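The values are calculated or read from the model by the stated rules, or taken from the named source; none is laboratory data. Please read these numbers as outputs of a predicted model, since none were measured by experiment. For neighbour counting, all protein chains shown are included, and Cβ atoms are generated from backbone atoms with ideal geometry for every residue, glycine included.
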Amino acid sequence: MVADSDESFARMRNWRGLAPAERIATRRTQLVEAATELMATAGASEISMRGVCRQAGLTERYFYESFPNLDTLLTTVLETVVVGARDHLLDALTEAPIEREAMFRHVVAAFTDYLTEDRRRGRIMFVESQSTPVLAQRGDELIELFTAPIAMTIGAGDYREPGPDHLDSVLNANAIFGALAYLYRPWLDGTIDVPRERFDEHAARLLTAIAPIRSSDA
């Protein structure tokens, strides 16, 4: 009897070879993936907790083991996309050419790669980030996180005197983010039919045009 009890307890602890913590992590991943799909199709404002669970193939009781509410889940999706973009750009910068315009082309190509690997990322980053009050607040915070490598890029190789101050870099980085948002969004959804090579070149030239702008010398 003792042996049978021990065996039953072991089965409770490990189901299909997964420990309880692993099962929770798997279900959390399912919920994040389901929310990602719904944000990129229906839109964040149309999502419900029940809808996410239905999309994930999970009962509603599993939702709360990973997230206290729907806003937290949707914010997690947004953070995953934006932080992923930031990290992708930072990785690209480590291998970027020194020459400024070539650097811009390299970074733009890396960003386009990131968005085309999963086209849902573009809508989540550029549209859904402002679709609800909670997402808008977190989205504004994440823009600062994302624009940091942009500011780093546009400041590199600019040897004019006097050099740009911090606000020049911040203002230009935010201007570039806004311009890229309205450039990438219609290209990713097919509204603007432009070959990838020309699109990347246009985006790189946009960076080249905005990067030198300064108001610190006014």
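Side notes on the structure shown:
- Residue in region 81-92 that is small (Gly, Ala, Ser) and outside the structural domain of Leu207 (by TED's automatic domain parsing) present: no
- Within the set Leu171, Leu180, the sole residue that is part of a helix (DSSP H, G or I), modelled with pLDDT of 90 or more and not assigned by TED's automatic domain parsing to the domain that holds Thr36 turns out to be Leu180.
- Being at pLDDT below 90 and assigned to a helix (DSSP H, G or I) is a property that Ala148 has.
- Residue, farthest from Met125 (Cα to Cα), within region 27-67, restricted to residues that are within 21 Å of the chain's Cα centre (by Cα) and hydroxyl-bearing (Ser, Thr, Tyr): Ser66
For every residue, the table says whether it meets (1) within 22 Å of the chain's Cα centre (by Cα); (2) modelled with pLDDT under 95; (3) part of a helix (DSSP H, G or I); (4) not assigned by TED's automatic domain parsing to the domain that holds Ala110.
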{"site": "Val134", "(1), (2), (3), (4)": "yes, no, yes, no"}
{"site": "Gly139", "(1), (2), (3), (4)": "yes, yes, yes, no"}
{"site": "Asp158", "(1), (2), (3), (4)": "no, yes, no, no"}
{"site": "Pro164", "(1), (2), (3), (4)": "no, yes, no, no"}
{"site": "Ile176", "(1), (2), (3), (4)": "yes, yes, yes, no"}
{"site": "Asp200", "(1), (2), (3), (4)": "yes, no, yes, no"}
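- The residues on offer are Arg54, Arg50, Arg86, and the sole one that is at pLDDT below 95 and either closer than 23 Å to Phe177 by Cα or in a helix (DSSP H, G or I) (or both) is Arg86.
- Filtering region 42-73 to residues that are closer than 24 Å to Leu115 by Cα and free of Cβ contacts under 8 Å to residues at least 60 places away in the same chain leaves Ala42, Glu46, Ile47, Val52, Gln55, Ala56, Thr72, Leu73.
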